[in-house]
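What follows is one structure encoded as structure tokens, with my remarks underneath.
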Amino acid sequence: MKKTKPTQRVTQKSLFHWVFSGNAKLQFVLLLVIILIVFARVIPLEMQKRIINDSIALKNLDGLLIYSGIYIVAITAAGGLKLAINYLQALIGERAMNQMRKELYQHILTLPLGFFRKTQPGMVVASLMTELSTAGTFAGMAFAVPLTNILTLLAFAAYLLWLNTKLAAATLLIYPIVVFVVPILQKRANTANKTRVDLSRSASSQIAETISGIHEVQVHGAFKEENRKFSDLADRLKLIRIRWSLFRFAIKTANNYFVGLGPFIVFIFGGYLIMNGQLELGAMVAFLSAQEKLFDPWKELIDFYQTYQDASVRYKRTMGYFDASPEFSDDTIVTTENKVTGAVDVSDLFYETSDGHRLLSGMTFSLKPGEHLAVVGFSGSGKSTLIQCIGKMYTYTEGSIKIDGVELSTLSKNAVIQDIGYVSQSPFIFTSTIQENLLYARKAIDQKYQKDQKKDEPETIDLDRMILVLQQVGLFVDVMRFGLDTIIDSTDRKSMDTIIRIRSKLRDNFGTKLKKSVEFYSHEAYHHNSNVGENIIFGSSNNPQFGPQLLPENKNFLIFLKQEELLQPLLHLGVVLAREAVDLFSGLESMDLFFAKSPVTSGNLKECERIINTLKDEDIDRLSKTDQTILLSIALLFTPGLHTMTSLPSELQKQILHARQQFPDWCNNVAPGLFNFYDETNYLPNQSILNNIFFGKIRPGLPGAQDLINRSITHLLIEEDYLETIAKIGMEFHVGNMGDKLSGGQRQKLAIARVLLKQPKIILMDEATSALDNKSQTRIQRLMTTRWKGKRTVIAVVHRLDIISDFDKIAVTKAGKIIEFGSYQELIAKKGALHELIYGRQ
């Protein structure tokens, strides 16, 4: 057994800990600068006195120049030193806040899962990013501000006492009164501030909860209820902030008032002393100047005091909220020299929540290395809790869990992460790429191994192994599609040449086979699975802000259509399509299925009705430009292969093909470089890899077409040694915010692959295939049966009872207990709980 010295939790460190932690050298430099600035602040006061008494009064020009020179040097030095102090303060503060955040974040990640059931993510974010900022600011000024200003006040006080004891005593008498009044006001401000922090935290949590559950809010129309809850918190927060601000302003007002009394005393008492010859005029000027300058350090001290109180409240509130012990401490680490085989022994296992609710009640079972256990049972019977206790996500209350004979509770979390893998029913996918998510679990092992072995770099996972895992879980086809849908860099000439070769081979080797499924692009033939506009252009725009949808409104394009005598035929086509849509769809309640067969959308059906009624009395040429644009848009969107309710006249097809031949030359004269035109020998830089290889479109409504195309393209990618490149590009696909660009099945496959890649000896699956279709579930089941059995111990919560016959053991749970345990054949023969679950009561 190896023991490590317990470390103090970050939540138990005082606010002042961060002042010097890691900043001792900077604080020493700061001390030297502070000493210099104090001298630089006192010198101008003495120079003012000497300029008036020794130079101006005696008409001493040399003295005037010397004293004035010293004065300007002193105030310049003071300004530069103040800038240096502010910079050092900011540097220390930012370093302290950065360290504070990192240590607290590290601590939060180790807190029990139960803690996060009552804690909203918004509250954690607000605590880390907002509440600690004031504490960081205070850490930067905690040494410099009080020391600088106290030394400055003492230096000024000493100088004033040296000038005239009586006047100095009278003017300095104000400050003890302020010291008595300000804390009274500050105490009330602190009380309001504590309430403000708590309400701000509650409001943040409320916002986070509502946004997280926005689907429920919208589907139930609970807008008023959510507005009511937030408005109540916002109103209470407004009132307490007003109260808090009132006390803060009262402190500043009181301070300003007392500081303003200083010059009044100097005028009255100092004037009296001058009249009686007890004070020189220069000394009084120095007094007035010092009195004015005393305001700055005193104001900074008051501000510092308020910052300290605010920071202290926020810091204590924040650290106090997270002041909980990690559920799994690394203070005691037990490691075994032998390699883990995967034997699991659970004995008399109990688990209770913090509120005393018992979820497990004496579960007992044993598994040999490589055995597979299916856990089935009634809802709320403890299936998931059992899995989570074995996975060391929860600390069991009583009983024993042993891995290869070693008690799980004696093992650190780090000691088991390599040998236990866990896949949940709703796996979390991080906002990153496929590859980053795939390597997530493996990286934790590599980092641990790197730390233990003191290696410079963690072990790397080669691409072949990642591809193998993706194939095993059935995600490789999706990753390939992500890669093929990518637009490559226009400077990658080597890839472009490879893709053009693959395009050519696809037609040569698989053209006949794919003819029924694919309509390849041909410059001489009309493309029935592209719309009219695409057939005319026969290319794609290089400007992302200019798409085909803008063509009907483009004056130059209209000129081209007129030149090709296409404008009128297309307008008439638009009328035919609009009239057909109005006749078929008008008055129907549900039209989504029907609209798929027409270029007319539900959004412009009303416009079509109006235009058709107008054409009863008007000629098409007399329609407004807006109406003509609508008709032209409909015609240009018409796709014969998709919109099968109307056919495209053969004569119009010929006209469109003729216009296609003329369009490139016309376009290069009007807008050179706007389009890339389709050419079998050229790469389309603004199109995806798949579109460049495919160079055509799939004919709709043909089952199995996509699989045939995938197999053909994959074959050619392997032949050109480009498959791994596409896979690598596909793994760089960004999955969106928490994986929202992936389907539920894709997320589960990725989570299973993530666990497989780290090759644990024990795999825990909590309904890990619930979002998969039957084909994908069969694949995972086959993977478990052929590759895992005998090699990896599997404990799976299973929701589909038709697949459990392949498991070595079945555990039936009810009310936190295992009521049946054995092989599938044994339990079915008993005709007990499992038999009832599968076949019902007979």
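The values are calculated or read from the model by the stated rules, or taken from the named source; none is laboratory data. Model, not experiment: these values are computed from the prediction. Cβ atoms come from the backbone with ideal geometry, glycine included; neighbour counts cover every protein chain shown. Accessible surface is based on the protein model in full, side chains and every heavy atom, while ligands, DNA and RNA are left aside. Shrake-Rupley method; radii C 1.70, N 1.55, O 1.52, S 1.80 Å.
Here is a yes/no grid of residues against (1) part of a helix (DSSP H, G or I); (2) within 31 Å of the chain's Cα centre (by Cα); (3) free of Cβ contacts under 8 Å to residues at least 60 places away in the same chain:
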position: GLN759; (1), (2), (3): no, yes, yes
position: SER770; (1), (2), (3): no, yes, no
position: ILE780; (1), (2), (3): yes, yes, no
position: GLY790; (1), (2), (3): no, no, no
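Kindly list the number of the only condition in (1) under 25 Å from ASP773 (Cα atoms); (2) open to solvent by 20 Å² or more (accessible area, probe 1.4 Å); (3) part of a helix (DSSP H, G or I) that fails for HIS799. With respect to (1) under 25 Å from ASP773 (Cα atoms); (2) open to solvent by 20 Å² or more (accessible area, probe 1.4 Å); (3) part of a helix (DSSP H, G or I), HIS799 is out only on (3). There is at least one residue in region 393-402 that is of a type in the set (Lys, Arg), within 24 Å of LYS789 (Cα to Cα), assigned to a strand (DSSP E or B) and more than 31 Å from the chain's Cα centre (by Cα).
To keep it simple, each residue is scored yes or no on (1) out of contact with any Lys or Arg (no Cβ under 9 Å at 6 or more places or on another chain); (2) of a type in the set (Phe, Trp, Tyr); (3) modelled with pLDDT under 85.
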position: VAL29; (1), (2), (3): yes, no, no
position: VAL42; (1), (2), (3): yes, no, yes
position: LEU45; (1), (2), (3): no, no, yes
position: SER55; (1), (2), (3): yes, no, yes
position: TYR67; (1), (2), (3): no, yes, yes
position: ALA74; (1), (2), (3): no, no, no
position: ARG101; (1), (2), (3): yes, no, no
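Determine if region 170-177 includes at least one residue that is in contact (Cβ under 8 Å) with a residue 40 or more places away in the chain, among the hydrophobic types (A, V, I, L, M, F, W, C), open to solvent by less than 50 Å² (accessible area, probe 1.4 Å) and assigned to a helix (DSSP H, G or I). Yes.
Looking only at residues of region 187-204 that are free of Cβ contacts under 8 Å to residues at least 40 places away in the same chain and more than 25 Å from the chain's Cα centre (by Cα), we find that the one that is nearest to LYS316 (Cα to Cα) is THR191. Hey, among the residues in region 178-203 that are touching a Phe, Trp or Tyr at 6+ places or on another chain (Cβ under 6 Å) and not charged (D, E, K, R), which one's most open to solvent (accessible area, probe 1.4 Å)? That would be LEU185.
For region 455-496, which positions are touching a residue at least 60 places away in the same chain (Cβ under 8 Å), more than 22 Å from ILE752 (Cβ to Cβ) and assigned to a helix (DSSP H, G or I)? Residues satisfying the conditions are LEU484, SER495, MET496. Filter region 92-116 down to the residues that are touching a residue at least 60 places away in the same chain (Cβ under 8 Å) and over 14 Å from SER21 (Cβ atoms) and list them by number. Selection gives GLN106, HIS107, ILE108, THR110, LEU111, PRO112, LEU113, GLY114, PHE115.
Kindly provide the set of residues from region 350-404 that are of a type in the set (Gly, Ala, Ser) and either farther than 21 Å from GLN825 by Cα or at pLDDT below 85 (or both), ordered by number. Steps first, answer last, please.
Going residue by residue through region 350-404, those that are of a type in the set (Gly, Ala, Ser) are 354, 356, 361-362, 366, 370, 374, 377, 379-382, 384, 391, 399-400.
Within region 350-404, SER354, GLY356, SER361, GLY362, SER379, GLY380, SER381, GLY382, SER384, GLY391, GLY399, SER400 qualify.
Out of all the residues in region 144-160, is one or more touching a residue at least 24 places away in the same chain (Cβ under 8 Å), over 24 Å from LEU88 (Cβ atoms) and surrounded by fewer than 20 Cβ atoms within 10 Å (Cβ to Cβ)?
Checked against the condition, which is being touching a residue at least 24 places away in the same chain (Cβ under 8 Å), over 24 Å from LEU88 (Cβ atoms) and surrounded by fewer than 20 Cβ atoms within 10 Å (Cβ to Cβ), region 144-160 yields at least one hit.
Condition first: over 30 Å from ARG660 (Cα atoms), surrounded by fewer than 16 Cβ atoms within 10 Å (Cβ to Cβ) and free of Cβ contacts under 8 Å to residues at least 60 places away in the same chain. Can you find one or more residues in region 687-702 that meet it? For region 687-702, residues over 30 Å from ARG660 (Cα atoms), surrounded by fewer than 16 Cβ atoms within 10 Å (Cβ to Cβ) and free of Cβ contacts under 8 Å to residues at least 60 places away in the same chain: absent.
Inspection of region 727-750 finds a residue satisfying the criterion of being open to solvent by 70 Å² or more (accessible area, probe 1.4 Å), in contact (Cβ under 8 Å) with a residue 40 or more places away in the chain and assigned to a loop (DSSP other than H, G, I, E, B).
The selection criterion, being at pLDDT 80 or above, surrounded by fewer than 14 Cβ atoms within 10 Å (Cβ to Cβ) and touching a strand residue (DSSP E or B) at 6+ places or on another chain (Cβ under 8 Å), holds for THR410. Does LEU723 satisfy the criteria of being closer than 24 Å to GLN425 by Cβ and open to solvent by less than 70 Å² (accessible area, probe 1.4 Å)? So LEU723 does not fit the description; no.
Every condition in (1) touching a Ser or Thr at 6+ places or on another chain (Cβ under 9 Å); (2) open to solvent by less than 60 Å² (accessible area, probe 1.4 Å); (3) basic (Lys, Arg) is met by ARG660 except one, and the failing one is (1). Yes or no: GLU618 farther than 21 Å from GLU651 by Cβ and modelled with pLDDT under 85? In short, yes.
Taking the criterion of being in a helix (DSSP H, G or I) and of a type in the set (Asp, Glu), the residues of region 802-825 that qualify are ASP802, ASP806. Note on region 514-533: residues that are surrounded by fewer than 20 Cβ atoms within 10 Å (Cβ to Cβ) and not in a loop (DSSP other than H, G, I, E, B) amount to 2. Can you pull out the residues in region 827-842 that are surrounded by 14 or more Cβ atoms within 10 Å (Cβ to Cβ) and either without any contact (Cβ under 8 Å) to a residue 12 or more places away in the chain or outside any helix (DSSP H, G or I) (or both)? Once the filter is applied, which keeps residues that are surrounded by 14 or more Cβ atoms within 10 Å (Cβ to Cβ) and either without any contact (Cβ under 8 Å) to a residue 12 or more places away in the chain or outside any helix (DSSP H, G or I) (or both), region 827-842 yields ILE828, GLY832, HIS835.
Is it the case, given these coordinates, that GLY511 is part of a helix (DSSP H, G or I), at pLDDT 85 or above, open to solvent by less than 70 Å² (accessible area, probe 1.4 Å) and small (Gly, Ala, Ser)? Against the criterion (part of a helix (DSSP H, G or I), at pLDDT 85 or above, open to solvent by less than 70 Å² (accessible area, probe 1.4 Å) and small (Gly, Ala, Ser)), GLY511 does not qualify.
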